[in-house]
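The structure appears right after this line, and notes come after that.
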């Protein structure tokens, strides 16, 4: 473990190294060296929530160029359980993924149950608590909840979360935190952030004693929309001895507030650390995050949208989205996005994909997932190239004006 | 169009040629030369019911070695409609499939609605009529039914079926017939078979006038479980001027009766014609069909089983099926089937696939589809090689004793 030096330019731990490459304003490129290979940053991280990226095999996700996926501690804890996964050689072996793997802590999910749909709304996940179980009690020790599978009483604490993540064998574990919703007031948020810090210490203590040697740990900065709380949290987390920092909790009630909170929080984080923005993955938000010097982003949006027939397109007026299930695509011989290298765009037109998605065919979900993940991979690849070339802000402007990532890169 | 000579060894039409290669008992290999390439027989034909094979892209189906798929006239007529598909260059262009394509006539589906679940049971499709609409009236002219999509009143007649199939642009169209259920008595079956013959004439008359030049037409032999009716039907269809013959209708109430009906019907068909057995696709039934000299088989079973977590394995005691959703696969490090070249077997074990299927992940449906279709492709490839080597009955015995197709081929 390495205490993060706020001014250092490089983190070199035995668990993780982070090497910053080019810089362009606050934006930077970098390479995360994990126990399962390199991750070039800035990077978008697809979700392999329950041990698979929706509809795709692990080798296909690698084929799209992704170097890290995120596994969900909460879901995998509920089913099939960490012991079964550990017996398969950890989550890498279980799902056949040979590259880097990060696991969340389960905090977001259990507190989504407790706080209702609000946290979900913020993160845009659209999930209903009822489908995912219910929280019985939240205390200093941890959170007790009922399994959505069979109603069994389950308990997650900082130690349990780290224990599960150790069994999953991820390259990067996230500490167990309380994800505060946007309707929480300042006082609740302050108390919650303090508890998150106590939980951080317990996570690190457990990991120091019993964690896998090559597993890195990222701390999570909370503090809601309050600058002083975010600053306190950033300082606490940085000093605690983590390998990277993540921005968690509410970022406000809408996109404008989110941008403000991010602009205020990002500079508080230690320069040398890899910086992960949790649960954000819209095209313009990714560009905003990169501009602020954030390195890693995960989000359910691209795969969830695909499931509902929505694809990413160079259309800033419509949040870069096109709903293929709406009427009007009949006879449209254009691909989803001109020049996109994904199989949906290479082999099919909007007419067919729209029909297929409305017919709720699995082939559609898969093709649209492949498109959305290709789009974001191209977006981040373009961002990395633009930063290296010192023209990130022009690149971002081009994308925000409606060019595709591959056109904006030219 | 060519009148089929019952003794000829080769059909050479301008719409379709069928070349018989090796023979081994009644079994034979052959090549169907269609407007979209060759189909080596005996062949299993996967269903692309609504314009896609479940969960797979067209190019992936080709990658499995399949040379023909079957599109469903009824479903595509209801949605998205033949005009939209024709505008996309026919079903080939619509779905991006460049190889041979056969379309059924819609008869099976509309009569399943009329006769209830029984026809479905026979064919093992497990569909409920209610999900698929309802039949309003059956008459000499055709069948009127309500769309399962929007309740709209729709009409299919022999002419409409051929018209739709012409618009779909399939390489082989099937004539519109009544698919009699197994509970129909002799008298009903006799009358129904006569109507099927009148409909055959109307189909061919329409096709002669307005059908696509390169589209072949297969007739369907009905007659239920009654030898004299099957003989009459086989004679009628053979003399009518078709490019191939299919065996349709009920084959009895169980596997034993099915084998009897097949053994009695197959020799009635003209030797030189390509012979299609409709709706049959279990491992042992395919081998029995091949042994009787049948050439082409289509069936929903392999993809439907995959959707429900059931995979094909060399286990004759259990109908060559393994239910991955049942308990007992936890920690099982074996692939579904040793030596299987599919990605599910090459990259994953039963432990993971069982978990994934129980979690209802799309990735599981896809992987299990890939496995089941690979298994049947290997089965038929092995059958073709065995016939060519004059050892088909040894091959069939090996498979029926529990060897995999690839082991049985050695």
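So the values come out like this:
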| quantity | calculated |
| --- | --- |
| Residue in segment A:184-200 that is assigned to a loop (DSSP other than H, G, I, E, B) and assigned by TED's automatic domain parsing to the domain that holds residue A:52 present | yes |
| Segment A:72-84 - residue that is in contact (Cβ under 8 Å) with a residue 40 or more places away in the chain and within 13 Å of chain B (Cβ to nearest Cβ) and, of those, nearest to residue A:297 (Cα to Cα) | A:76 |
| Residue selected from segment A:367-390 under the condition more than 20 Å from the chain's Cα centre (by Cα) and assigned to a helix (DSSP H, G or I), by the criterion nearest to the other protein chains (Cβ to nearest Cβ) | A:367 |
| Among (1) farther than 22 Å from residue B:180 by Cα; (2) part of a helix (DSSP H, G or I); (3) in contact with a strand residue (DSSP E or B) (Cβ under 8 Å, 6 or more places away or on another chain) - the single one residue B:293 does not satisfy | (2) |
| Filter result for residue B:60 (part of a loop (DSSP other than H, G, I, E, B) and within 14 Å of another protein chain (Cβ to nearest Cβ)) | no |
| Condition broken by residue A:259, with the remaining ones in (1) closer than 12 Å to residue A:45 by Cβ; (2) surrounded by fewer than 24 Cβ atoms within 10 Å (Cβ to Cβ) satisfied | (1) |
| Matching option when the condition is over 30 Å from residue B:33 (Cβ atoms) and either more than 13 Å from chain A (Cβ to nearest Cβ) or surrounded by fewer than 24 Cβ atoms within 10 Å (Cβ to Cβ) (or both), among B:297, B:320 | B:320 |
| Hits in segment A:315-337 - residues which are over 24 Å from the mean Cα position of the chain (by Cα) and under 23 Å from residue A:66 (Cβ atoms) | A:335, A:336, A:337 |
| Residue list for segment B:251-276, restricted to those being in contact with a helix residue (DSSP H, G or I) (Cβ under 6 Å, 6 or more places away or on another chain) and closer than 18 Å to residue B:236 by Cβ | B:264, B:265, B:268, B:269, B:270 |
| Filter result for residue B:277 (modelled with pLDDT under 95 and either surrounded by 22 or more Cβ atoms within 10 Å (Cβ to Cβ) or outside the structural domain of residue B:30 (by TED's automatic domain parsing) (or both)) | no |
| Among the residues listed as B:337, B:344, the single one being buried (at least 22 other Cβ atoms within 10 Å of the Cβ), within 26 Å of residue B:63 (Cβ to Cβ), modelled with pLDDT of 95 or more and facing another protein chain (nearest Cβ under 10 Å) | B:344 |
| Residue under evaluation residue B:233, criteria (1) within 26 Å of residue B:39 (Cα to Cα); (2) buried (at least 22 other Cβ atoms within 10 Å of the Cβ), criterion not met | (1) |
| Segment A:148-175, subset in a helix (DSSP H, G or I) and in contact with a strand residue (DSSP E or B) (Cβ under 6 Å, 6 or more places away or on another chain), residue farthest from residue A:203 (Cα to Cα) | A:168 |
| Leading residue by the ranking (nearest to the other protein chains (Cβ to nearest Cβ)) among those in segment A:352-364 that are surrounded by fewer than 22 Cβ atoms within 10 Å (Cβ to Cβ) and part of a helix (DSSP H, G or I) | A:362 |
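The values are calculated or read from the model by the stated rules, or taken from the named source; none is laboratory data. Only a predicted model underlies this, so the values are computations on that prediction, with no experimental measurement involved. Cβ coordinates were reconstructed from backbone atoms using ideal geometry, including for glycine residues, and neighbour counts include every protein chain displayed.
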